[in-house]
Structures are given as structure tokens and as C-alpha cells.
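Contents: one structure, followed by commentary.
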Amino acid sequence: MIDEKHAEKALHYLAETDEAYAEAKTKAKGLEYRLKTAKAAAFLEADGTVAEREALALNDLGYREMLDEFESAMLDMEIYQAKRKRAELTIEFWRSLNANRRQG
């Protein structure tokens, strides 16, 4: 059962992770832009038909490394987001229990 200690811990977690979550989200968004730029640069350097240049750009080492970095940043962001949502739900559940106790 969720008690005041759990609610306080969840609230503390939210307060502690504000900046880290914002940094993870900003990094993911920035990498998304850089990923498009890396693909475009590789596409412009490639020779051949549009389809061939597209395939070469997607297989470019720099692009693939950037894609790995982007996926890692997205994972970090999603983990923060999920944990923060759980903390918010914990607090909301605790508030509901207390409201019901006061009314009951």
C-alpha cells in the first residue's frame, strides 16, 4: 500500500530529476536534428541514383554511429519519462487515498 513515505519519495524523485530529464530530452531532440544532417551530408557525398545515394547515406559509418547515439539518448529519455510518470501516479494515488479517508 502506498503511504506518505512513498509519496514523499516520489515527490523527491521528481524534484531531483527535473534537470536530468530536461537534459536527456534536449539531447535526444538535438541528436534527431544532427542525425538528419549526417544523413544529408552522406547523401550529398554519394554517387549514383537517388535510391543508391539514399542507401549509401543510410549505411554511412558516421550516420550509423549517430543513429546509435540517438537511440541511446532516446532510451535515457524514455526511462526518465516512465519513472517520472510512475512517481506522479504514486503521488496521485496517495492523494486519492487520503481524500477518501477524510471523506469516509
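Structure above, values below:
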{"read-out": "Separation in nanometres of the label points that stand 7 Å from Cα toward Cβ, at Ile79 and Arg95", "value": "2.8 nm"}
{"read-out": "The range 1-99: C-alpha gyration tensor shape, a/c 1.5 cut-off, then a/b vs b/c", "value": "prolate"}
{"read-out": "Over the chain, relative contact order from alpha-carbon pairs under 8 Å, at least 6 apart, %", "value": "44 percent"}
{"read-out": "Helical contribution to [θ] at 222 nm, DSSP H n ≥ 4, -39,500 (n - 2.57), averaged over the chain, rounded to 500", "value": "-33000 deg cm²/dmol"}
{"read-out": "Inter-label distance for Asp47 and Thr17, nm, one decimal - labels placed 7 Å from Cα along Cα-to-Cβ", "value": "5.1 nm"}
{"read-out": "Calculated FRET value between Leu61 and Tyr33, using beta carbons and R₀ = 25 Å, to 0.05", "value": "0.80"}
{"read-out": "Likely footprinting exposure, Asp47, Asp68, fewest C-beta neighbours within 10 Å first", "value": "Asp47, Asp68"}
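Taken together, the values in this text are just the output of simple stated rules run on the coordinates, not laboratory data. Note that the structure is a prediction, hence the values are computed from the model and not measured. With ideal geometry, Cβ positions are generated from the backbone for all residues, glycine too; neighbour counts draw on all protein chains shown.
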